[in-house]
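Notes for the one structure printed next.
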């Protein structure tokens, strides 16, 4: 015998340590059918789960058993999450149950898919029904737990982005059996009684799938659909999708993202405004310059046109004046010429006269009578 | 003498046509001249005013 024998206790102690430090065995999810269930007087529940060929003992401690929603019975198909541990007294091992659900994730997932399909068919997820978020909300309603991380995250974002927007908190349960009804009632209340809220954020921080289950509630989905105020859903993390996400007007990946979507960044708005004002100024100044030039040009044109008109008029007038002066009879007479008239009319040709005609001669300063003695 | 430049100018044209007509009497020709000169002065006055106004505006622009 080369090896020194160990005691039974030592062996079980060693096995316990090996199993207890194995990462897979300390957190395992296993599916099976319940056998040999026993509700012990201490409140603990003992049973096994089995498949066709194999079985394993399970131990459900009293505090977990108290949270059971339905009575576990032999033959139930369940999914168990827990750690494998060794009971050193009998050298047996069992699953120390942390969570137990009726076949399970499966059942919940099926219910989820069925509800999703049903509501989709009814048009609750229709894009056409989705409302746009207000660009500049005055008041944001937060429907979430007043103690959760989600509220803290959202307030911190809102505080840093936008000091102008008012925030109203509607505290609700976001976990547990009555959470869905509480959130539904609150949304309906806001929809019917509050008329100064521009956008609602409904949500909670991340958690186990079971913790988010209240957001997969049908009545809640209908309340969100009916709500006349735009609703942003903000449930859990990026990877979590709930019915509320599908029916909400906008789905935010996280409460933080929801706060960013709901409230515009005032600093960014100021920058945008400044850019617009600068643009306006530049445009106005350019326009002014352009119009000034145009006016100058017009005025020059106008002036030259007016001057040309005057000039033309002057020329026309001057030629008229020349005509008048040239034909002024007195001027001609003053320079030594005289006019011969016969019967009051000027004689312009000697052929108009014959011997013996009596004529009158007009001078610049008088007239004289004469008789034609020869032509 | 009143009326627009064009009215005065029209009269002036008529009179300068008439004064060229050898068939009119000498007295009529003289009165044509005298009347024509009145219209001429009137036109001149209107043009002078117009020029002055232009100069005034020039100072303003």
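Worth a mention:
- Flag for residue A:286 being modelled with pLDDT of 85 or more and either facing another protein chain (nearest Cβ under 9 Å) or surrounded by 10 or more Cβ atoms within 10 Å (Cβ to Cβ) (or both): yes
A quick yes/no check of all residues on (1) at pLDDT below 95; (2) in contact with a strand residue (DSSP E or B) (Cβ under 7 Å, 6 or more places away or on another chain):
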{"site": "A:115", "(1), (2)": "yes, no"}
{"site": "A:118", "(1), (2)": "yes, no"}
{"site": "A:128", "(1), (2)": "yes, no"}
{"site": "A:137", "(1), (2)": "yes, yes"}
{"site": "A:142", "(1), (2)": "no, yes"}
{"site": "A:187", "(1), (2)": "no, yes"}
{"site": "A:206", "(1), (2)": "yes, no"}
{"site": "A:211", "(1), (2)": "yes, no"}
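- Criterion violated by residue B:36 - all others in (1) touching a helix residue (DSSP H, G or I) at 6+ places or on another chain (Cβ under 9 Å); (2) more than 10 Å from every other protein chain (Cβ to nearest Cβ) satisfied: (2)
- Yes/no for residue B:49 being under 16 Å from the mean Cα position of the chain (by Cα), more than 7 Å from chain A (Cβ to nearest Cβ) and loosely packed, with under 13 Cβ neighbours inside 10 Å: yes
- Within segment A:116-139, the set of residues being exposed (fewer than 12 other Cβ atoms within 10 Å of the Cβ) and not in a helix (DSSP H, G or I) comprises A:123, A:126, A:132, A:135.
- When residue A:304 is tested against (1) within 7 Å of another protein chain (Cβ to nearest Cβ); (2) under 60 Å from the mean Cα position of the chain (by Cα), just one condition goes unmet, and that condition is (1).
- For residue B:43, the requirement of being touching a residue at least 12 places away in the same chain (Cβ under 8 Å), more than 7 Å from chain A (Cβ to nearest Cβ) and at negative phi is not met.
- Qualifying residue in segment A:213-233 (condition: modelled with pLDDT under 90 and either more than 19 Å from the chain's Cα centre (by Cα) or surrounded by fewer than 16 Cβ atoms within 10 Å (Cβ to Cβ) (or both)): yes
- Within segment B:7-26, the set of residues being more than 9 Å from chain A (Cβ to nearest Cβ), free of Cβ contacts under 8 Å to residues at least 12 places away in the same chain and either part of a helix (DSSP H, G or I) or on the phi > 0 side of the Ramachandran plot (or both) comprises B:7, B:10, B:14.
- When every residue of segment A:352-361 is checked against the conditions, none turns out to be surrounded by fewer than 17 Cβ atoms within 10 Å (Cβ to Cβ) and closer than 15 Å to residue B:24 by Cβ.
- Meets criteria (away from chain B (no Cβ under 14 Å), surrounded by 11 or more Cβ atoms within 10 Å (Cβ to Cβ) and not in a helix (DSSP H, G or I)) for residue A:340: no
The values are calculated or read from the model by the stated rules, or taken from the named source; none is laboratory data. Keep in mind that this is a model prediction, so the values were computed, not measured. Positions of Cβ are generated from backbone atoms using ideal geometry, with glycine treated the same way; all protein chains shown enter the neighbour counts.
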